[in-house]
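*Asks:* Quick one: structure below, then a few questions.
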Amino acid sequence: MAESTYTVTGMTCGHCVASVTEEVTKIDGVTGVDVDLPTGAVKVTSTAPLAEADVRAAVEEAGYALAG
């Protein structure tokens, strides 16, 4: 199992959290997604390390952006 934390910008409500969770969960190997709305932290658990580009693409598909 691998675990990574990313910071997502632009989320303001529960719908934002649901959208990001839904898109990131679609990445192959992802087993869990935990989003903290106040901080924008997105903790992703997966069967193997993920490429940041894959996470960035999923977050952008949801309409938001990774910080940094």
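Bear in mind that the values in this text are calculations on the coordinates, not laboratory data. All figures in this text were calculated on a predicted structure; none of them were measured in a lab. All Cβ positions, even for glycine, are placed from backbone atoms using ideal geometry, and neighbour counts span all protein chains on display.
*Asks:* For the chain, what does -39500 (n - 2.57) per DSSP helix run (n ≥ 4), summed and divided by total residues, give at 222 nm, in deg cm²/dmol to the nearest 500? Let's see the in-between values first.
*Replies:* Numbers: 2 runs with 22 residues, N = 68.
Calculated from helices alone, the mean residue ellipticity at 222 nm is -10000 deg cm²/dmol.
*Asks:* In nanometres, what is the gap between the two model label sites at residue 9 and residue 37, each 7 Å from Cα along Cα-to-Cβ?
*Replies:* The answer from the label model is 2.1 nm.
*Asks:* Oh, and also: I want the local charge near residue 58. Using Cβ-Cβ distances under 10 Å, sum +1 for each Lys or Arg and -1 for each Asp or Glu among the other residues.
*Replies:* Numbers: positive: 26, 56; negative: 22, 23, 54, 60, 61.
Combined, the nearby Lys, Arg, Asp and Glu give -3.
*Asks:* Could I ask something else about it? Which residue fluctuates most in the GNM of the chain (Cα springs below 10 Å): 40, 29, 14?
*Replies:* Result for the chain, Cα springs under 10 Å: 14 fluctuates most.
*Asks:* Mind computing the radius of gyration and Dmax over the alpha-carbon atoms of the chain? Å is fine for both.
*Replies:* Spelled out, the Cα radius of gyration and Dmax of the chain are 10.5, 30 Å.
*Asks:* For residue 43, what is the net charge nearby, where nearby means another residue's Cβ is under 9 Å from its Cβ and Lys, Arg count +1, Asp, Glu -1?
*Replies:* My count for the surroundings of residue 43 gives -3.
*Asks:* If amide hydrogens are placed 1.01 Å from N in the peptide plane, which non-local residues have theirs closer than 5 Å to the one on residue 2?
*Replies:* When sequence neighbours closer than 5 places are left aside, the close amide H contacts are 46, 47, 48.
*Asks:* Could you work out how far helix 52-61 tilts from the main Cα principal axis of the chain, as a 0 to 90 degree angle to the nearest 10?
*Replies:* The helix 52-61 is inclined about 40 degrees to the chain.
*Asks:* Continuing with this model, one more query. Calculate the spin-label point distance for residue 25 paired with residue 45, positioning each point 7 Å from the Cα along the beta-carbon direction, and give it in nanometres.
*Replies:* 1.4
*Asks:* What angle, in degrees between 0 and 90 and rounded to the nearest 10, separates the Cα long axis of helix 14-25 from the longest principal axis of the Cα atoms of the chain?
*Replies:* The answer is roughly 20 degrees.
*Asks:* By how many nm would the segment from residue 53 to residue 2 lengthen if fully extended, with 0.36 nm per residue of separation less the alpha-carbon distance?
*Replies:* Values: separation 51, 0.36 × 51 = 18.36 nm, distance 1.62 nm.
Extra length available between residue 53 and residue 2 comes to 16.7 nm.
*Asks:* Ok, one more. With the contact rule set at Cα under 8 Å and sequence spacing of 6 or more, what percent relative contact order holds for the chain? Display every interim value, and only then the final one.
*Replies:* On the way: 111 pairs, mean separation 30.6, N = 68.
It rounds to 45 percent for the chain.
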